[in-house]
Amino acid sequence: QVQLIESGGGLVQDGGSLRLSCAASGRTFSTYVMGWFRQVPGKERKFVAGISRDGGSTRYENSVKGRFTISRDNAKNAVYLQMNSLKPEDAAVYYCAADRTFMIRTTPNEYDYWGQGTQVTVSS
């Protein structure tokens, strides 16, 4: 079992940056693919970025490519999402998630564990 706790959300101006962190419990963090998702009220949770177990592969949703970077530190049991050039449409609750497979998948129901989420607000 993995417990995930996100942090780093907040209010930022259009064009600003934030770095989200997700701390994981347990000794098996390196065996999980990790993903970041986001959700706005009334809409489905959507994939933002994912990273392979060793950090060697990443995958991004098209609208964040070139602006967001996902990374992980297996020694610290942590995954990060650096978000630059933020836009009002990036505002959402951001969740990290862990998946026990070896593939970076984009469907929320394929992930096994979830954090509680952190709010990102972007003012225009």
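Any read-out appearing in this document is the output of simple, stated calculations on the displayed coordinates, not a laboratory observation. In this text the structure is predicted, and so the values were computed from the model without any measurement. Here the Cβ positions follow ideal geometry from the backbone for every residue, glycine too, while neighbour counts run over all protein chains shown.
Restricting segment 40-78 to residues that are out of contact with any helix residue (DSSP H, G or I) (no Cβ under 9 Å at 6 or more places or on another chain) and polar (S, T, N, Q), the residue that is farthest from Q1 (Cα to Cα) is N62. Restricting attention to segment 1-19, the residues that are hydrophobic (A, V, I, L, M, F, W, C) and in contact with a helix residue (DSSP H, G or I) (Cβ under 8 Å, 6 or more places away or on another chain) total 1. Residues that are aliphatic (A, V, I, L, M) and in a loop (DSSP other than H, G, I, E, B) were ranked within segment 45-97; the one that is nearest to G15 (Cα to Cα) is L86.
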